[in-house]
1. Expressed in nm to one decimal, what extension gain is obtained for the pair Q2 and L118 from 0.36 nm per residue of sequence separation less their Cα-Cα distance?
2. How much area per residue is accessible in the chain when the probe is 1.4 Å and only protein heavy atoms are counted (Å²)?
3. Using the crude model of +1 on Lys and Arg Cβ and -1 on Asp and Glu Cβ, and no other charge, please compute the dipole size for the range 11-58 relative to its Cα centre, in debye to 20.
4. Taking 0.36 nm per residue of separation and subtracting the Cα-Cα distance, what length does fully extending E64 through R26 add?
5. Taking the inverse of the average 1/r across all pairs of different Cα atoms in the chain, what Kirkwood radius in Å do you get?
6. Using a 1.4 Å probe on the protein chains only, how many percent of the accessible area of the chain belongs to carbon and sulfur?
7. Nearest 20 debye, what's the magnitude of the dipole of the chain about its Cα centre given +1 on Lys and Arg Cβ and -1 on Asp and Glu Cβ?
8. In nm, give the distance between the simple-model label positions of L10 and N83, each being 7 Å from the Cα along the Cα-to-Cβ direction.
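The values are calculated or read from the model by the stated rules, or taken from the named source; none is laboratory data. Everything numeric here is computed off the predicted structure, so don't read it as measured data. When we count neighbours, we look across all protein chains shown, and the Cβ atoms used for this are built from the backbone with ideal geometry, even at glycine. Ligands, DNA and RNA are stripped out before the accessible areas are found, and what is left, the full protein with its side chains, is counted by its heavy atoms. Shrake-Rupley method; radii C 1.70, N 1.55, O 1.52, S 1.80 Å.
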Amino acid sequence: VQLQASGGGLVQAGGSLRLSCAASRRIFSNNGMGWFRQAPGKGREFVASISWNGHITRYAESVEGRFTISRGFNEGTMALQMNSLKPEDTAVYYCAAARGAPAATAATSYNYWGQGTLVTVSS
């Protein structure tokens, strides 16, 4: 498995969760990475992305100011800290890696995908 997402669960509105994505060394090095999500009955949407060196981050407008993306270079992991969660954040969250793309927002830019982790926010 090249990308492994974890950390999903059930949380009340206003609560927090931290998602983690473990990547193989080959995938983690020199690749931009990102998080996407897919709610029931909807398409996959961009959440956040980060460049290979962590210097560039991008967020969807719907999560700006509430979510923070980061990468741990020693551990070879990427994280998504999600605060002030809302019921509309309920979705399966996917981590992904993109060759040659600093912090892409389009799903088509990503070459590697992990399995999803379910986040459920109750009202």
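1. Values: separation 116, 0.36 × 116 = 41.76 nm, distance 1.89 nm.
Gain in length upon complete extension: 39.9 nm.
2. On a per-residue basis, the chain sits at 50 Å².
3. My answer is approximately 100 debye.
4. Full extension of this stretch gives 10.7 nm more.
5. It is 14.0 Å.
6. Accessible surface attributable to carbon and sulfur in the chain totals 48 percent.
7. In total the dipole reaches around 260 debye.
8. 2.6 nm
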